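What follows is calculated from the coordinates using simple rules that are stated; it is not laboratory data. The shown structure was predicted, so the numbers you read here are calculated from the model rather than taken from an experiment. Every residue, glycine among them, receives a Cβ derived from its backbone with ideal geometry; neighbour counts consider all protein chains shown.
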Amino acid sequence: MIDGMPGPSPAATDVAPLAPPARAARLNPLAVLALILGVLLSPLAALFGHLAAGQVARSFGAERGAGIAWVAVGLGWLWFLLLVIAVGAVWVALSS
C-alpha cells in the first residue's frame, strides 16, 4: 500500500486455477476397425477410415488414431481400385 491506497483485491490477482490432471488420449475404435478392414482387403476401410479421421479431428485431442485412420483410407481405396480392375477384367473376358 502506497499513500494509504488499498492493495489489489484477492479476486483481482492472477492466480491460475488448478487444472485437472491430463488424461491420456484414447485410441479411436473406429480407426482400429478401419485398419482391420483394410488388412482384410475390404473397400469399406475407406469409409470407416474417413469417419474415424473426422471423429479424431473433432475430439480436440481427446482421441488419437488419425494416422491409423488415414492408412486405412489408403488401403480401402487401394482395394476398391483393385476390385474395379478385377471386375473390369472379368467383364472383358466374358464379353469376348
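Residues considered: LEU41, LEU30. Of these, the only one that is touching a Phe, Trp or Tyr at 6+ places or on another chain (Cβ under 7 Å), aliphatic (A, V, I, L, M) and not in a helix (DSSP H, G or I) is LEU41. Scanning region 62-96 for residues that are assigned to a loop (DSSP other than H, G, I, E, B) and within 29 Å of ARG23 (Cβ to Cβ) gives ALA62, GLY65. Considering region 44-61, and only residues there that are of a type outside the set (A, V, I, L, M, F, W, C) and not in a helix (DSSP H, G or I), the residue that is surrounded by the most Cβ atoms within 10 Å (Cβ to Cβ) turns out to be SER59.
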